[in-house]
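Structure, as structure tokens:
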Amino acid sequence: MNTETIVHPRLHHLGITTSNIDAMVNWYRLVVGMDLVHRTDSATAGTDEAAVMKSAWVTNDEANHRLAFVQVPGLSEDPDKARHHRVQHFAFAYNTLDELLGKPIGHFVDPEQLLQARQAGASPLGAEQARLARRVRTGPAV
């Protein structure tokens with residue numbers, strides 16, 4: 001641990017901008033099991049000049065939120081995004097591989113397909129989970 005820093009705060013939450021807040025909230029609720037804590041469709045209400053932005057907060061523990069989504073009008077897909085500064089990734093910690101395999105994994109999960117599969121009583125990631133279950137257990141993250 002860095003002993004030169006006076007205070008060692010824990011990271012509390014991450015804010016993410018999006019052009020589709022409903023898709024973001026649905027994905028994190030379905031795939032990661034997060035709960036919707038707060039949502040407003042008028043984050044800039046009362047400010048006549050500002051564009052109306054939607055916001056939503058989700059959490060998966062006792063914190064009031066861990067992810068905050070803000071839908072910003074006018075955002076669009078950037079075909080050159082690989083060349084721009086951005087967040088490289090963030091991760092969720094699991095205690096065991098079995099705990100991880102109990103959840104759908106990865107960015108490839110389509111929340112609509114996941115929801116349909118769950119409603120039909122099927123496991124949408126059965127083959128992928130079986131493949132990952134054969135991976136060597138490396139123990140807890142340090």
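Things to note:
- At most 12 other Cβ within 10 Å, DSSP loop - trypsin sites (Lys or Arg not before Pro), region 7-84: ARG10
- Footprinting exposure proxy ranking of HIS89, HIS12, fewest other C-beta atoms within 10 angstrom first, gives HIS89, HIS12.
- With 10 Å bins from 0: P(r) over region 11-73, alpha-carbon pairs, percent: 24, 51, 21, 3
- For MET34, the residues whose modelled amide H falls within less than 5 Å of its own, excluding neighbours fewer than 5 places apart on the same chain, are ARG29.
- Sorting TRP27, TRP57 by the number of Cβ atoms found within 10 Å of their own Cβ, with the fewest placed first, yields TRP27, TRP57.
- Sorted ascending by nearby beta carbons within 10 Å, beginning with the fewest, ILE21, ILE16 become ILE16, ILE21.
- Summing charges over neighbours of LEU75, with a neighbour being any other residue whose Cβ is under 13 Å away from its Cβ, gives 0 when K and R count +1 and D and E count -1.
Just so you know, all these numbers are worked out from the coordinates, no wet-lab data involved. What you see is a predicted model; the values in this text were computed from it and never measured. Note that we place each Cβ from the backbone using ideal geometry, even for glycine, and neighbour counts take in every protein chain shown.
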